[in-house]
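Engineer: A single structure is presented below for examination.
The values are calculated or read from the model by the stated rules, or taken from the named source; none is laboratory data. Keep in mind the model is a prediction, meaning the values are calculated, not measured. With ideal geometry, Cβ positions are generated from the backbone for all residues, glycine too; neighbour counts draw on all protein chains shown. Surface areas here come from the heavy atoms of the whole protein model, side chains and all, with no ligands, DNA or RNA. Shrake-Rupley method; radii C 1.70, N 1.55, O 1.52, S 1.80 Å.
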Amino acid sequence: MHTSFTSHDLPASCAALEDLLPAYAEGELAPAEVAQVEAHLATCAACQEKVAQYQTLAQDLLGLPLACPTPEMRTDFMAMLHREKAALTTENVAPIANAEPRVEHEAKVILMWSRPATRQWLQVAASILLVAVGVVLGLVLHPGSEQLAANQTRKPSLATQLATAATQPATASDRIQLVSNAPTTNQQNDATVLVLVNTLNTDPNPNVRLAACEALYRLRKDPRVAPALVHSLPLQTDPNVQITLIELLVALRTPEAVPQLERLAQRRDALPAVRQQAEQGIGLLI
Amino acid sequence: MPLLPVLLSNFQKRTLSPPTETLVETTDEALMTQVQADNLDQLVPLFERYHQPLFSFLCRLTGDREVSQDLAQNVFYRVLKYRASYHAGQPFRAWIYQLARNVHTDHWQQNRRPTADVDQIEHTASYGRSALAHAAATDRDAALQEALALLPPDQREILVLHRFQGFDYAEIGELLGCTAGAARVKAHRALEALRKIYFS
Ligand SMILES: [Zn+2]
């Protein structure tokens, strides 16, 4: 293979320079070699033609049209990314809900949330939270969602379902789905808030706890929510949950959270990004 | 849809995106390190930077746009799937092109055809015979495309890397596991082989 194109019928003087000609045409030779090649070219029409052909070839290669991918490539990529993120969020169990409406929302969200490199943990938290938001939105905006809600009234209450899920080997994605289906409004004595708080404080899976955060945020008008979030802060050890809670407490303008935030900012076992987020939160609340 | 904008603006205003913060240009390697840490959204800027070059690379190798688009998509899928195998600081471009080469090799082995079908290349590329105004240019392009398709795959690849993807000999050497000097010799041999076909 290495000698495949060396022509053996070339005159010796041409054969000696054969390997230098492409480099010469490309302008890659050192001055001494250039002089050597040019001395030969002056006397050899065959090698002149070869050099001219290399140059034509180089030009024609440059002139080849550049093909562009179709817009579907980006759409497909975003859908693939979405699937992988969902798989990551639900620990590789089946997708949470029917994916159709969510793909679109999250494709937009991804672009809005591209972040500078320094806030990595925050981004992880944000993207997971937004998956939860996407799930909720998918359910809220989906044409069938009213019917879904109607069906739910006939089913056991969320409290019952979650309590059952906690005692049975329900998958994390089942629990996320339950939590994400929690209603956006509730009566004063509804157990939903209590069940969600309990999930936030005790569920072993951080993604379920994040979904509980999100569901509680939707019920933020309930006076039990903000104190429960404050109370939950020292119980959490997962940095994503910690950061999300801080965000929610800031978003809810909960100055009562400041003492807990101060403690968290001092905690040795908390990640630097979490402690920083806590300090930033204090700055926004005081 | 009131919920999402409200949530977004709340978070962005209060915690995520202070307006004073300036966005610095992030290197490929820094982005990939974040993808590796399961921050998958950071693959989006890498997709924006690389999907066109990779598509073009695969198009030149296969001569088929539709296939190349699928293969390029597969490259990004593999970036996610094999993100653990990326080493911090490793040049990202070399790494992703290596994935692209593997994707292409796998495809080639599954659809074993020693040389591409010249007629098919002419038709799948955008050189329709109706483009009479550019007949001379398209004839020339088609002939060159045909000549490229007739090269052995490894020679075609080295030319594409060098001519179209802007790889220097050192980078090609890294990719092929040889020295820069050896890569240069291979590139010249490939050019000579192409010249012979093109001007035959
Ligand atoms: Zn000569």
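Engineer: Residues of the range B:33-92 being touching a residue at least 24 places away in the same chain (Cβ under 8 Å), open to solvent by 10 Å² or more (accessible area, probe 1.4 Å), closer than 22 Å to A:ARG83 by Cα and of a type outside the set (A, V, I, L, M), which ones?
Structural biologist: If the condition is that a residue be touching a residue at least 24 places away in the same chain (Cβ under 8 Å), open to solvent by 10 Å² or more (accessible area, probe 1.4 Å), closer than 22 Å to A:ARG83 by Cα and of a type outside the set (A, V, I, L, M), then B:THR33, B:GLN36, B:TYR50, B:HIS51, B:ASN74, B:ARG78, B:ARG83 are the ones that fit.
Engineer: Of the residues A:THR199, A:THR254, A:THR185, which single one is modelled with pLDDT under 80, touching a Leu at 6+ places or on another chain (Cβ under 9 Å) and not hydrophobic (A, V, I, L, M, F, W, C)?
Structural biologist: Every option except A:THR185 fails the conditions.
Engineer: So, in the range B:160-170, how many residues would count as being open to solvent by 60 Å² or more (accessible area, probe 1.4 Å) and either in contact with a Phe, Trp or Tyr (Cβ under 9 Å, 6 or more places away or on another chain) or on the phi > 0 side of the Ramachandran plot (or both)?
Structural biologist: First, pick out the residues of the range B:160-170 that are open to solvent by 60 Å² or more (accessible area, probe 1.4 Å): B:168.
Narrowing the set further to residues that are either in contact with a Phe, Trp or Tyr (Cβ under 9 Å, 6 or more places away or on another chain) or on the phi > 0 side of the Ramachandran plot (or both) leaves none.
Qualifying residue count, the range B:160-170: 0.
Engineer: Can you tell me which residue within the range A:216-259, out of those that are aliphatic (A, V, I, L, M) and open to solvent by 10 Å² or more (accessible area, probe 1.4 Å), is farthest from the other protein chains (Cβ to nearest Cβ)?
Structural biologist: Checking each candidate, the answer is A:LEU235.
Engineer: Working carefully through the options A:PRO71, A:PRO11, find the one that is at pLDDT below 95, more than 16 Å from the ligand (Cβ to nearest atom) and open to solvent by 50 Å² or more (accessible area, probe 1.4 Å). Before you say what the answer is, go through the steps one by one.
Structural biologist: On the way: A:PRO11 fails: more than 16 Å from the ligand (Cβ to nearest atom).
Within the list A:PRO71, A:PRO11, the selection yields A:PRO71.
Engineer: Still on this structure: Restricting the search to the range A:15-68, which residues are more than 13 Å from the ligand (Cβ to nearest atom), more than 46 Å from the chain's Cα centre (by Cα) and in a loop (DSSP other than H, G, I, E, B)?
Structural biologist: A:LEU29, A:ALA30
Engineer: Of everything in the range B:23-32, what is within 8 Å of chain A (Cβ to nearest Cβ) and open to solvent by 10 Å² or more (accessible area, probe 1.4 Å)? Give them in sequence order.
Structural biologist: Listed by number, the residues that qualify are B:LEU23, B:VAL24, B:THR26, B:ALA30.
Engineer: Test A:LEU61 against the stated conditions and say whether it is closer than 30 Å to B:ALA137 by Cα, open to solvent by less than 30 Å² (accessible area, probe 1.4 Å) and modelled with pLDDT of 90 or more.
Structural biologist: Against the criterion (closer than 30 Å to B:ALA137 by Cα, open to solvent by less than 30 Å² (accessible area, probe 1.4 Å) and modelled with pLDDT of 90 or more), A:LEU61 qualifies.
Engineer: Across the range A:45-83, what is the total count of residues that are among the basic types (Lys, Arg) and within 8 Å of chain B (Cβ to nearest Cβ)?
Structural biologist: 2
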